[in-house]
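The structure under discussion appears below in the form of structure tokens.
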Amino acid sequence: MSTVKASTKRAEGPRERAVSPRPRGRPVKGSEAILTDNIVMAAQQLFFQRGYEGTSTDEVAAVAQCSKRTMYTRFATKADLFEAVILKFVREKQSHVSTHILGGRALRERLIMLAEKMVEAFLEPDVLALYFLIHKEASRFPELARIAEEAGRKPSQQMLKSLLAEGGVKGDLNFLADQFFSLVHAPVVRRALAGNTDATEELLENVRRSVDFFLRGCGMATVPQYS
């Protein structure tokens, strides 16, 4: 038993020495929030580089330069840490898309702006990396898909429902929001899977067509015709 303990200590030695010493005593005001952000940022870097299964909490603690105990007081499991990464990531991506920015315009214009921003954001390299990470590992870790759904799709769906209601669209707004996302998102995913990750003018034109098709399905007054 003593031999096992000794070898464990030797194996962990390099990792422990790589972690910068932390000062003792009461934390400086604001340092706790900074430390939490550092942990989340380190986890995002590792999750995106190595995947969910390929990332250990030991490695996250080392990159964040904190002890595992410090990390576990904030995130009890790796899934909790992944959820924090997704929430932070999605909030940053969605911060520039809001009903305030989209306000003061006709419904069609607002929906086109939203759809274009959705497409452009999805095709950003870090967003694609996250998307493929989740779908690659979802069969082994189904909680990843749930976390992404809760953090990303639901806030976007709520924003879209508000836009539709304000624009006078009637009916089951949950269903209509799902149809909107399917129309806009599915073709972009197919392109990305084929290696086409540029937000070309042709792609954006197809997005506008999808918005017009959606509005006609909602029974709204139409919209420009395309050749």
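The values are calculated or read from the model by the stated rules, or taken from the named source; none is laboratory data. Note that the structure is predicted; figures quoted are calculated from it, not measured. Note that we place each Cβ from the backbone using ideal geometry, even for glycine, and neighbour counts take in every protein chain shown. Side chains included, ligands, DNA and RNA excluded: accessible areas come from the protein's heavy atoms. Shrake-Rupley method; radii C 1.70, N 1.55, O 1.52, S 1.80 Å.
Accessible area per residue for the stretch 146-227, computed on protein heavy atoms with a 1.4 Å probe, is 56 Å².
Give me the extension gain from residue 58 to residue 181: residue separation times 0.36 nm, minus the current Cα-Cα distance, reported in nm with one decimal. It would help to have the intermediate numbers written out before the result.
On the way: separation 123, 0.36 × 123 = 44.28 nm, distance 3.78 nm.
Here the segment from residue 58 to residue 181 would lengthen by 40.5 nm.
Need one word for the stretch 158-227: rounded, prolate or oblate. Basis is the Cα gyration tensor (sqrt eigenvalues a ≥ b ≥ c); a/c below 1.5 gives rounded, then a/b vs b/c decides. It is oblate, given that a/c is not under 1.5 and a/b is not larger than b/c. Straight distance only, please: which aspartates and glutamates reach the Cα of residue 136 with their own Cα at less than 20 Å, same-chain residues fewer than 8 apart left out? Cross-link targets: 53, 80, 83, 124, 126, 149, 150. Using a simple spin-label model with pseudo-atoms 7 Å out from Cα toward Cβ, residue 166 and residue 138 lie 3.0 nm apart. Taking label positions 7 Å along the Cα-Cβ direction at both residue 174 and residue 126, the computed distance is 3.3 nm, reported to one decimal.
Could you tell me the ratio Rg/Rh of the stretch 124-193? Both radii from Cα atoms, Rh via Kirkwood.
Numbers: Rg = 14.0 Å, Rh = 13.6 Å.
Rounded to two decimals, Rg/Rh equals 1.04.
The residues neighbouring residue 165, those whose beta-carbon lies less than 15 Å from its own, together hold a net charge of +1 under the Lys/Arg +1, Asp/Glu -1 convention. Excluding residues on the same chain fewer than 8 positions from residue 161, give the aspartates and glutamates whose Cα lies under 13 Å from its Cα. Qualifying aspartates and glutamates at Cα under 13 Å: 172, 178. Extending 7 Å from the Cα toward the beta-carbon at both residue 189 and residue 68 defines two label points whose distance is 3.7 nm. Diffusion coefficient of the stretch 28-68 by Stokes-Einstein, Kirkwood radius over Cα pairs, 25 °C, 0.890 mPa s: 237 µm²/s. Rounded to the nearest percent, how much of the accessible area of the stretch 117-208 (1.4 Å probe, protein heavy atoms only) is carbon and sulfur? Answer for the stretch 117-208 is 53 percent, counting heavy atoms of protein chains only.
Summing charges over all other residues whose Cβ lies under 12 Å from the Cβ of residue 155, with Lys and Arg as +1 and Asp and Glu as -1, gives +3.
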